[in-house]
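Written below as structure tokens is the structure these notes are about.
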Amino acid sequence: MDAGAGGGGRNGRVGIRDSVVGNNQGPRPERGGNGPAVEGDIVKALLWLSGAIDWCNEKLGFVTNLLVLIAVLISAGNAMSRYAFNLSSNAWLEVQWYMFALIVMYGASYTLRRNEHVRVEIFYLMLSERAQLWLDLICTILFLLPVCLLLAYLSWPFFKLAYDTNEWSQNAGGLIRWPIKFVLPSGFVLLALQGLSEIIKRIAAIEGLAKVDAHYERPLQ
């Protein structure tokens with residue numbers, strides 16, 4: 001969604017409000033004219049913020065997609081070296097686990113950005129587009145944001161302890177632990193930020209200020 005386009009839609013609507021306010025308030029035209037202009041600037045700023053969050057998570061999604069391929073290649077290489085040459089490395093095995101953690105935790109916000117998380121709403125596809133926007137908005141505010149922020153808060157001490165003790169793997173030749181533990185709180189924060197972006201876009205769509213593609217298709221079984 002283009003933030004500039006959303007702002008432009010808002011400016012058109014502000015012009016209508018100016019005329020209405022001017023007719024009703026008469027003696028205070030300046031106050032009536034400034035309020036909607038400020039409101040339009042706030043909407044532009046929020047849509048810009050939403051676009052920036054979307055852009056960041058799109059880039060992270062590209063990285064996680066590459067990690068899937070790299071993880072497959074490393075896994076195949078580990079299997080080949082173990083069975084063909086009787087060689088094994090704990091470090092290479094743990095790299096696979098680390099990449100899987102990155103794919104899951106950083107890919108979650110990218111998946112939300114593309115509206116491709118598996119849904120369990122029985123009647124979602126039966127709702128109108130506006131009703132779907134409202135349902136997304138309410139569920140994101142009541143469930144997604146609080147849960148993500150709570151999990152980020154609870155997982156921070158888990159990372160902090162590992163960082164303070166400079167934790168390493170207990171396996172021979174294993175990798176340092178604390179960087180991968182940072183993925184937990186940061187992943188939940190990224191998911192919460194994407195949730196904030198979705199809230200902004202859906203409010204703008206409900207108000208007719210922007211167009212949001214809320215179309216969802218059930219995954220093929």
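Where a number appears in this text, it was derived from the coordinates with a stated rule and is not lab data. If you're wondering where the values come from, they're calculated on a predicted model, not measured in any experiment. Heads up, the Cβs are rebuilt from the backbone with ideal geometry, glycines too, and the neighbour counts pull from every protein chain shown.
General observations
- Straight-distance crosslink candidates among lysines, where the alpha carbon sits under 20 Å from LYS201 and sequence neighbours closer than 8 are dropped: LYS44, LYS59, LYS211
- Whole-Hz couplings from phi, Karplus 6.51/-1.76/1.60, listed for segment 98-104; x for Gly and Pro: 4, 5, 4, 4, 5, 4, 6
- Peptides 72-84, 174-186 ordered by packing proxy, namely the average of other Cβ atoms within 10 Å per residue, highest first: 174-186, 72-84.
- Radius 13 Å from Cβ of TRP156, net charge of other residues (Lys, Arg +1; Asp, Glu -1): +1
- Counting other Cβ atoms within 10 Å as a rough exposure proxy, the listed residues THR165, THR140 run THR165, THR140 from fewest neighbours to most.
- Computed over segment 53-206, Cα set: Rg, Dmax in Å: 19.1, 61
- Rg in Å to one decimal, and Dmax rounded to a whole Å, for segment 121-177 via C-alpha atoms: 20.1, 57
- For ILE176, the residues whose modelled amide H falls within less than 5 Å of its own, excluding neighbours fewer than 5 places apart on the same chain, are SER169.
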